[in-house]
Amino acid sequence: MTGEDVAERLGVVPTTFRVLVTRRPRLGRRACKSRFVQARARARVVDGGIPTEALIAQVLVAKYADHLPLYRQAQIYPR
């Protein structure tokens, strides 16, 4: 008989933090030296802040669903 056996295993990937970089090119013409055109920046959850929606969701779930205070999360994340 031919075929295959399938076995599933459950693993865990530790939390990793990544810096997401967004590049918005600035375009201009030589004839108009003072006039540049650039795409608008995407809206952020926190104006001027750096956390993404996923990071905010993770912190809130850990705080309210897992009952893990913010000071304890701050101690855990550097590890």
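The values are calculated or read from the model by the stated rules, or taken from the named source; none is laboratory data. Since we're looking at a predicted model, the values are computed, not measured. A quick note on method: Cβ atoms are made from the backbone with ideal geometry, for glycine too, and the neighbour counts reach across all protein chains shown.
To keep it simple, each residue is scored yes or no on (1) of a type in the set (D, E, K, R); (2) surrounded by 10 or more Cβ atoms within 10 Å (Cβ to Cβ); (3) under 15 Å from the mean Cα position of the chain (by Cα).
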| site | (1), (2), (3) |
| --- | --- |
| Leu10 | no, no, no |
| Pro25 | no, no, no |
| Gly28 | no, yes, no |
| Ala43 | no, no, yes |
| Leu55 | no, yes, yes |
| Ala62 | no, yes, no |
| His67 | no, no, no |
In the range 7-30, which residue that is at pLDDT below 85 and touching a strand residue (DSSP E or B) at 6+ places or on another chain (Cβ under 8 Å) is nearest to Arg79 (Cα to Cα)? Arg26
Does the range 29-52 hold any residues that are within 22 Å of Phe17 (Cβ to Cβ) and among the β-branched types (Val, Ile, Thr), and which are they? Val45, Val46, Ile50, Thr52
Cβ contacts < 6 Å: first residue part of a helix (DSSP H, G or I), restricted to the range 43-70; second residue surrounded by 13 or more Cβ atoms within 10 Å (Cβ to Cβ) and among the polar types (S, T, N, Q), any location; separation 6+ or different chain. Result? Ala62/Gln73
Need pairs with beta-carbon distance below 8 Å; first residue touching a residue at least 24 places away in the same chain (Cβ under 8 Å) and at negative phi and within the range 13-29, second part of a loop (DSSP other than H, G, I, E, B) and of a type outside the set (Asp, Glu); sequence gap 6+ or separate chains. Thr15/Tyr77; Phe17/Tyr77; Leu20/Thr52
